[in-house]
């Protein structure tokens, strides 16, 4: 059995004002990794209002998994949205801007949750057409803490035949869909280097060992890993994002801290880069009579691999819904990381890019920018695509 596109359109048009209001409400209440308590309560209230059953307490407490069960002959499809915000001070100026200082939905997760809510409400109104079951996963801690790993370890994907997620994509026009089969996003982790010197008066640097100078040399040397140690045909990134040391202008401190990120598409290359970071830090510090200790973050994200058959299924579905001019194949992988990669290690599926740029003649603020704001005009596209993937994916074969 199938449901007509016109019928879905009618449903989505009817619920769209409420979805936009929900998105603005979620945007105004951003919460970071594993602290999404208000957000979790709000999603639970939405599910209660539309009568869809769910369980709570997933992924260290704030995750929610809702389920719609249709016919017994079909398959089980899972759809996922991330919930957490970033530690950024918002500068969008919108009326529904963040009400929490230093917290912001700068990566579109407010929109992702809204689109998933819209898909749930749409499918709930067409439940009689559902031949299988659909799980809707609201996952915390996508940023930095790999919350997706906990979802997988809990067994939420047990019995699932296919899993899909989407993400706001500022470089695509609003209403567009971007796909890439195979490798799409990088393995990533953070690194933390503590440089230990010997503190002294700033007027007598020879009496100590300056960890700030050593940290500067290490930072410069780290840039040679990608440019001089890996094959130019391979793809890797080493970025120092933070250097911290000292408390006074006339004091050489005891320690300096270097923090950053390393990324690569292939696991073997990632390990080589990690080894180079440690070797360069330790030996550079030693050359300047200091010492360096390297620690990696531990919440490592694997490379994201889109199953070819699942990606082709999304492509066919999106072209049927929106036309081929709105569906593009992305030309190259992205060096960002996504913990949806853990899902795709467990179940075949695809990660989908959702166009967010309302005016392609101008650059849209990038993700993780204090000026980024999810485009409400993208909601109908996402809801229709999510709902249709669930209906088609759950069909009996």
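Given the condition under 22 Å from residue 266 (Cβ atoms) and either in the same structural domain as residue 17 (by TED's automatic domain parsing) or in contact with a helix residue (DSSP H, G or I) (Cβ under 7 Å, 6 or more places away or on another chain) (or both), answer yes or no: does some residue in the stretch 370-378 qualify?
Scanning the stretch 370-378 turns up no residue that is under 22 Å from residue 266 (Cβ atoms) and either in the same structural domain as residue 17 (by TED's automatic domain parsing) or in contact with a helix residue (DSSP H, G or I) (Cβ under 7 Å, 6 or more places away or on another chain) (or both).
Of the residues 290, 248, 281, which is touching a helix residue (DSSP H, G or I) at 6+ places or on another chain (Cβ under 6 Å), farther than 27 Å from residue 337 by Cα and either in the same structural domain as residue 216 (by TED's automatic domain parsing) or modelled with pLDDT of 95 or more (or both)?
Numbers: 248 fails: touching a helix residue (DSSP H, G or I) at 6+ places or on another chain (Cβ under 6 Å); 281 fails: farther than 27 Å from residue 337 by Cα.
None of the other options fit; the residue is 290.
Is there a residue in the stretch 174-183 that is buried (at least 19 other Cβ atoms within 10 Å of the Cβ), touching a helix residue (DSSP H, G or I) at 6+ places or on another chain (Cβ under 6 Å), assigned to a strand (DSSP E or B) and outside the structural domain of residue 252 (by TED's automatic domain parsing)?
Yes, because at least one residue in the stretch 174-183 is buried (at least 19 other Cβ atoms within 10 Å of the Cβ), touching a helix residue (DSSP H, G or I) at 6+ places or on another chain (Cβ under 6 Å), assigned to a strand (DSSP E or B) and outside the structural domain of residue 252 (by TED's automatic domain parsing).
For residue 257, indicate whether it is in contact with a strand residue (DSSP E or B) (Cβ under 8 Å, 6 or more places away or on another chain) and crowded, with 18+ Cβ neighbours inside 10 Å.
The answer is no for residue 257.
Within the stretch 200-242, how many residues turn out to be closer than 16 Å to residue 261 by Cα and assigned to a loop (DSSP other than H, G, I, E, B)?
2
Here is a list: 41, 82. Which entry is in contact with a helix residue (DSSP H, G or I) (Cβ under 6 Å, 6 or more places away or on another chain) and under 28 Å from residue 369 (Cα atoms)?
Exactly one residue qualifies, and that residue is 82.
Which condition from (1) surrounded by fewer than 24 Cβ atoms within 10 Å (Cβ to Cβ); (2) assigned to a loop (DSSP other than H, G, I, E, B); (3) in contact (Cβ under 8 Å) with a residue 12 or more places away in the chain is the one that residue 155 breaks?
For residue 155, the failing item is (3).
State the number of residues belonging to the stretch 109-131 that are modelled with pLDDT under 95 and within 21 Å of residue 159 (Cα to Cα).
Count: 4.
Of the conditions (1) farther than 29 Å from residue 41 by Cα; (2) touching a strand residue (DSSP E or B) at 6+ places or on another chain (Cβ under 9 Å); (3) surrounded by fewer than 19 Cβ atoms within 10 Å (Cβ to Cβ), residue 186 satisfies every one except a single condition; which number is it?
That leaves (3) as the condition not met.
What about residue 106, is it within 22 Å of residue 33 (Cβ to Cβ), surrounded by 20 or more Cβ atoms within 10 Å (Cβ to Cβ) and at pLDDT below 95?
Values: within 22 Å of residue 33 (Cβ to Cβ): yes; surrounded by 20 or more Cβ atoms within 10 Å (Cβ to Cβ): yes; at pLDDT below 95: no.
So residue 106 fails the test.
Give me the residue from the stretch 7-65 that is under 16 Å from residue 117 (Cα atoms) and modelled with pLDDT under 95 and, out of that set, surrounded by the fewest Cβ atoms within 10 Å (Cβ to Cβ).
Only one residue tops the list, namely 9.
Considering each of 330, 321 in turn, give the residue that is modelled with pLDDT of 95 or more, in contact with a helix residue (DSSP H, G or I) (Cβ under 8 Å, 6 or more places away or on another chain) and either farther than 19 Å from residue 266 by Cα or surrounded by 13 or more Cβ atoms within 10 Å (Cβ to Cβ) (or both).
321
Kindly evaluate residue 175 against the criterion of being touching a strand residue (DSSP E or B) at 6+ places or on another chain (Cβ under 6 Å) and at negative phi. Let's see the steps before the verdict.
Working: touching a strand residue (DSSP E or B) at 6+ places or on another chain (Cβ under 6 Å): yes; at negative phi: no.
Answer is no for this residue.
If residue 87 satisfies all but one of (1) within 25 Å of residue 169 (Cβ to Cβ); (2) crowded, with 17+ Cβ neighbours inside 10 Å; (3) in contact with a strand residue (DSSP E or B) (Cβ under 9 Å, 6 or more places away or on another chain), what's the number of the condition it fails?
So residue 87 meets the others, but not (2).
If you scan the stretch 259-275, which residues turn out to be more than 17 Å from residue 144 (Cα to Cα) and either part of a helix (DSSP H, G or I) or in contact with a helix residue (DSSP H, G or I) (Cβ under 8 Å, 6 or more places away or on another chain) (or both)? Step through it out loud before you land on a result.
First pass over the stretch 259-275, keeping only residues more than 17 Å from residue 144 (Cα to Cα): 265-275.
Result: 267, 268, 269, 270, 271, 272, 273, 274, 275.
If I ask for residues that are assigned to a strand (DSSP E or B) and within 25 Å of residue 236 (Cβ to Cβ), which ones from the stretch 310-362 would you list?
Passing the criteria: 329, 334, 350, 351, 353.
The values are calculated or read from the model by the stated rules, or taken from the named source; none is laboratory data. Predicted model, so just to flag it, every value in this text is computed and none were measured. Quick reminder, even Gly has a Cβ in these numbers, built from the backbone with ideal geometry, and neighbours come from all protein chains shown.
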